[in-house]
Structure formats: structure tokens, C-alpha cells
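Trainee: One structure follows; several queries about it will come next.
The values are calculated or read from the model by the stated rules, or taken from the named source; none is laboratory data. Here the structure is a predicted model, which is why all the values come from computation and not from measurement. Reconstructed Cβ throughout: ideal geometry from the backbone, glycine too, with neighbour counts over all protein chains shown. Surface areas here come from the heavy atoms of the whole protein model, side chains and all, with no ligands, DNA or RNA. Shrake-Rupley method; radii C 1.70, N 1.55, O 1.52, S 1.80 Å.
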Amino acid sequence: MATPTGNAQTVVYVGDSRVARPTKVHVPRDYMAYPGKSETFIPNFLLKEWMVGSVVLVGFLVLVVMHPAPLGYPADPTNSAFIPMPDWYFLFLYQLLKYPYLSEQFVVLGTVLIPGLAFTALTLIPFLDRTPERRFTKRPVPTMMMLLSLAAIVYLTWVSWDHYQHELKAKNIIPEHIAREQEMHAKKQAGGGTGGDQPEPAPVKVAAIVDADDAAYKEVYMKATCVQCHGAQLKGNGPIPGLLGIGDKYNAEQIMDIIRNGIGGMGAQYDANISMGLTDQNLEDLAAWLAKQKATP
Amino acid sequence: MLKAVYEWIDGRLDITPMWRDVADHEVPEHVNPAHHFSAFVYCFGGLTFFITVIQILSGMFLTMYYVPDIANAYASVDYLQHKVAFGVIVRGMHHWGASLVIVLMFLHTLRVFFTGSYKNPREMNWVIGMLTFGVMLGLGFTGYLLPWDNKAYFATKVGIEIAASVPFIGETIQNFLQGGDIVGAETIARFFALHVFFLPGVLLALLAAHFILIRKQGISGPL
């Protein structure tokens, strides 16, 4: 008897390792140690939880199939008409910054102090609410604060979204991902409705700038408010139409009227241009020049 | 054969107690939706993890096509969305899953709050959970930029401006996130790295801690 094999319970190390040779099988704790109808995690309980999980999964996949993830037009830093919106779960924080005492010189209150206090308090709640009482009806202060915060989050999110919808309506903007879907859909229809992989339609004849040496372009257009949205090359920007070929649609008088009174999502531009130092004659020249912009000369 | 392989490994690593502990531990009646329908509120944590797994898997597939630079990011997402077979489904799962994770995690937080489950001895796990929430919001923010469309660009610009308003360290945060003076080429590379490597790494560490603590302390008792 070279080795002590008398006691099977003794831990016997294998070689020089610290791994114990298994001496007994794992015995789960007795079911009777727990009150009520408890059951083992795998597989009994997990299968029941999977029932709930599969309901969620089906709902999730229905959402995925019915609503493709949105995708707008490529990022363009010069696009000044775009209304920035964060993901919906940041909206309540974003909306905070739109109130007078939480923006401008007070912006630190809105960006740091209020969200910081709220999240710190929530994180440290176990150390603030130290009573052993667990039922929320028996600890009114934390419960009320949470309910108030919830109401505030719901309200702020709703206001923010509502405001965005109104802004879209007022400025006559279709959100880009929708505009893009519609454009793709229209292209598909034009291509005979064969699906996404039809050959690209023949390139449309692109109108060029007519009479690009005119002072009305170089001196007036470049200085006027027009260039900010319609672009230096008159190409427009995302939802903003270009001005190339505008002469096919309007004559000088009609363009002047648009400058004075606006059209669609564009507001009246006349006063803004006058206050920037342009004269009435300048704008008349500009309108005349724009009227010359015909795709087919 | 399989049994022999298992025993060969078990004889060297003694893995049986580990998985037996996970598999055999008792789940009490008051959290079991089969016994009390209202106990479905106890499922929100597990469902959050379920959707997180979906996020990780769908995200792994998205990186097979996605190119994190300003010239190609939009084009690669566009290609993935409109040309790749099932690309629209995979991107849709990642897009909507991001929202669903936030919703489910919020519901899980409310369940823990209203059942007072954060109390002694589970204070640490509540704090870990809140940190996880913060990481999830960070994943949402960094992921929003990646398609590089106008919505992504302008929302990120505003988000970074907000971060820059923080006293003392605002400018440092802005520089760290932007990687320069503007939201541009360096920003998308940084957001990609944060979204794909840094934050998921932190998230997995926090989740591991969360689950180990739950196993150690057990689920909170009935009210």
C-alpha cells in the first residue's frame, strides 16, 4: 500500500496540479428546502420562460418585417434645412433643453444638472432608501418620486415628438427616410415593377447653368439667401429642389413673386435679401437670370 | 463516446459542479409565470438578455458588410439594406432590437424598483444594473451615427454639442468623441470602435458580474 487509498473522500491531487479528483457527484439542494412550487432552472423553468420569450420574439419579428429600418440620404453637413432628432429614448432629455431656464446661459442645468441628479439619485437609491420595507405602497416617497419622473419622461417625450411633427408640417418637409422610400418605389414603378434589380434608368439629361458669367449669378445669387439652400451650383439639397431648368416652369415675374411670397416650405425671402444689402433691381436681375435657366435652350 | 469525452474533460477540469449549479438551482414559485400569470414581470431581465444576444449576433453579421468610413459607410448600409439577401431583416433586427432592449431594460428596472429588490443585500447588483443601462444608452448613441445619413450626422452633432456643454471636461469629451474639430472621418471611426469593441466589452463584463451576483444572492423573495 504505497498510496493512502483507505479514505475515498480524501482529495487526491493529480500530478502537481491543484485540480481535485472528483470524489462525489453534485447533489442539488432538496426541493423541500424552498417553499411553494419551485422547480429547477434548466430545463423546467427555462422552458416556461421561453414561452414568454417566444411571444416577444414573434412580436419583434413582425415589427422587423413590417417596418424596414429607416435610411435617409447621405450625410451632408451643408444641409441647413434638416431638423436634427435624436433616437426616441433621448427625446425627453433633448426636450429639456428647449425651455428658457434650461438653455442658453442656463444650458448646464439642462444638460448636466437635472439629468445628472436624476441618474445619480436613481443609481444610489439602495443607499438612499435603506428601510427593509419592500412593498412600494409602504414607502411612498421613492414611489411618488419614481411615478413623477415617469410622468415627466412620458410628457417630455410626447411634447418633443409632437413639436417635431408640427415643425415638419409647417416647413412642409417629408422625413428623408420616407422621401427616399417613395423615390425608390417610384423608380421601381417606372422600371416596369420588376423589383429592385432592374437596370438603372437612362440618365436624365442634366440641365447646366445657363449664362454662368452673368453678374446676376456671380454677384447677386451668391450673396442672396437663395444660395444657402439651393446651393452654389443650383442643384438643391435633399428635399430642397434645384433651380437648374427653373425657367421651364416659371417666368421672371413668377420667380419674383416666389422671392417675395415664398412657395411650399420656402418662406418669403425678399426682406431678408434687402436687409443684406441687395437692391430691388438686383433681385429683378436675378429673377430675369433664373428665368433664363431652361433645360432645353 | 460523448460521455467518454465529457468524463475525460471533467476528470481534468471538474466542470460538473459549475453547470450543475446553474442548471439545478431552484427557481421559486413567485417568479414563475406558469404559476402566477402576473409573474411575467420577472421575465423582463431575461428578455433583455435575450434581445442583447440578438443584438450581438445581428451586429456581427452587419459588420460583414459595413465599412466604417465617410466615403463608404452610407453606400455599404444602402447596399446591405437593398441588395444583400435578408440584409433588410438583419439590419431591421439590429435597428428595432436597439429600441426593444431599452424598453425591456426600462421595464426590468421598474420591476426591480417597485418590488424593492434593490435593497440589502442586493445594492451592488442595482448599481451594476444602472451602469449596464448607461452602457446600453452609449451603444444606442454611438450606433445611431454609423449609417451616416443626415439623421445620423445631425443627431450626433447635437449630441456632441450637448456633451461639450459639460463644465471643465466638456471640451475633452468633445475631442475624444469627435477625434478632431468636426464630426467627420475620425468621428465615424471612433464611434465604430466604441460601438463594436469598447462598449460591448464593458457590457459583457457588467452582465457577467450581474449574473454572478444573482446566482450568489438568489432572486429576491416574494413580497
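Trainee: Can you report the number of residues in the stretch B:1-38 which are under 21 Å from B:V112 (Cβ atoms) and either in a loop (DSSP other than H, G, I, E, B) or more than 24 Å from the chain's Cα centre (by Cα) (or both)?
Mentor: 12
Trainee: Identify the single condition in (1) more than 30 Å from A:Q182 (Cα to Cα); (2) not assigned by TED's automatic domain parsing to the domain that holds A:I174 that A:A75 does not satisfy, given that it satisfies every other one.
Mentor: (1)
Trainee: Considering (1) surrounded by fewer than 21 Cβ atoms within 10 Å (Cβ to Cβ); (2) part of a helix (DSSP H, G or I); (3) more than 7 Å from chain A (Cβ to nearest Cβ), say which one B:V90 fails and leave the rest.
Mentor: (1)
Trainee: Within the stretch B:130-139, does at least one residue satisfy the condition of being touching a residue at least 60 places away in the same chain (Cβ under 8 Å), crowded, with 20+ Cβ neighbours inside 10 Å and of a type in the set (S, T, Y)?
Mentor: For the stretch B:130-139, residues touching a residue at least 60 places away in the same chain (Cβ under 8 Å), crowded, with 20+ Cβ neighbours inside 10 Å and of a type in the set (S, T, Y): present.
Trainee: Which pairs have Cβ atoms under 7 Å, sit 6 or more apart or on different chains, and link a residue in the stretch B:178-207 that is touching a residue at least 12 places away in the same chain (Cβ under 8 Å) and more than 24 Å from B:I128 (Cβ to Cβ) to one that is open to solvent by 40 Å² or more (accessible area, probe 1.4 Å) and among the hydrophobic types (A, V, I, L, M, F, W, C)?
Mentor: That search, which allows pairs on different chains as well, returns B:G184/B:I70; B:A185/B:I70; B:I188/B:I70.
Trainee: Name the single residue, out of those in the stretch A:56-92 being among the aromatic types (F, W, Y) and touching a Leu at 6+ places or on another chain (Cβ under 9 Å), that is farthest from the other protein chains (Cβ to nearest Cβ).
Mentor: Step by step, filter the stretch A:56-92, then rank; the result is A:F92.
Trainee: Scan the stretch A:262-273 for residues that are aliphatic (A, V, I, L, M), over 13 Å from A:I240 (Cβ atoms) and open to solvent by 60 Å² or more (accessible area, probe 1.4 Å) and jot them down.
Mentor: A:A268
Trainee: Here is a further query. Give the number of residues within the stretch B:111-125 that are facing chain A (nearest Cβ under 8 Å) and open to solvent by 20 Å² or more (accessible area, probe 1.4 Å). Give the derivation first.
Mentor: Taking the stretch B:111-125 as the starting set, the residues that turn out to be facing chain A (nearest Cβ under 8 Å) are B:113-120, B:122-123.
Cutting the leftovers down to open to solvent by 20 Å² or more (accessible area, probe 1.4 Å) gives us B:114, B:120, B:122-123.
Going through the stretch B:111-125 one residue at a time, the tally reaches 4.
Matching residues to (1) at pLDDT 80 or above; (2) among the β-branched types (V, I, T):
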{"residue": "A:C226", "(1), (2)": "yes, no"}
{"residue": "A:P239", "(1), (2)": "no, no"}
{"residue": "A:I263", "(1), (2)": "yes, yes"}
{"residue": "A:I274", "(1), (2)": "yes, yes"}
{"residue": "A:L278", "(1), (2)": "yes, no"}
{"residue": "A:A288", "(1), (2)": "yes, no"}
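Trainee: I'm checking my understanding of the structure. Among residues of the stretch B:147-160 that are touching a residue at least 12 places away in the same chain (Cβ under 8 Å) and either at the interface with another protein chain (Cβ under 7 Å from one of its Cβ atoms) or open to solvent by 20 Å² or more (accessible area, probe 1.4 Å) (or both), which one is nearest to A:A69 (Cα to Cα)?
Mentor: B:P147
Trainee: Take B:V101 and decide whether it is touching a helix residue (DSSP H, G or I) at 6+ places or on another chain (Cβ under 7 Å), crowded, with 17+ Cβ neighbours inside 10 Å, assigned to a loop (DSSP other than H, G, I, E, B) and of a type in the set (A, V, I, L, M, F, W, C). So that I can check it myself, show each step before the final result.
Mentor: Values: touching a helix residue (DSSP H, G or I) at 6+ places or on another chain (Cβ under 7 Å): yes; crowded, with 17+ Cβ neighbours inside 10 Å: yes; assigned to a loop (DSSP other than H, G, I, E, B): no; of a type in the set (A, V, I, L, M, F, W, C): yes.
Answer is no for this residue.
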